[in-house]
């Protein structure tokens, strides 16, 4: 997965506002062509009657987040590619705090659907400082579909216009993430067969039960754990 980090600040921005870089809204608007203005948390409501909305990811669509936790104004991101029914590649701004500075652009990073129904109602998003998916499960409104998908050239031109009056300060060194990593399954456990991620606590509980069962049988603990996971997956709602 390739990540490009740019901290983008208004030329007239005072030094005290150094951490207030590019917001997610203008960047998502430039990439997608969805002409909605205002805070990100208002986009879903504003799109009603103006743009089609839904729960299925499409290239060029806008992924809309409601406020949650410390994210008081919501968030929007542009869908760049679909990897599988649980994984998409997005580009967005003002998500990760890198070197204490917000307002970075992160291109081609992963977002994974972790909802039980596979309806994209909850996602985990790549967090660059950790070089891994973030641990938070973010609620999602859904996807806003542009009336006409922008070509890559049109999207890049719109981004160039957006950035022409901004300066790019130096950033701390960051380890690039290979694009090929985006092709890897989101989960490495047996749950990858269904695309549903099991929580760490749930896996620990399975391990404890497996250890008890192993004492009473001659089966290896790893096999017992796998069987327990498969039983749990069988009980999950079908997507």
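What follows is calculated from the coordinates using simple rules that are stated; it is not laboratory data. Owing to the predicted nature of the structure, the values given are computational and were not obtained by experimental measurement. For neighbour counting, all protein chains shown are included, and Cβ atoms are generated from backbone atoms with ideal geometry for every residue, glycine included.
Report the paramagnetic label zone for residue 82: residues of the stretch 146-165 whose backbone N is under 20 Å from a point 7 Å from Cα along the Cα-to-Cβ axis. Only 146-152 fall inside the zone, counting backbone N under 20 Å.
Tell me, what is a quarter of the convex hull surface for the C-alpha atoms of the stretch 27-78, in nm² with one decimal? Don't jump to the answer; show the numbers that get you there.
On the way: hull surface 14.3 nm².
Hull-based average projected area comes out at 3.6 nm².
The distance between label points at residue 154 and residue 48 comes to 2.8 nm (points 7 Å beyond Cα on the Cα→Cβ vector). Compared with the direct C-alpha span, the chain from residue 72 to residue 147 gains 24.2 nm at full extension, assuming 0.36 nm per residue.
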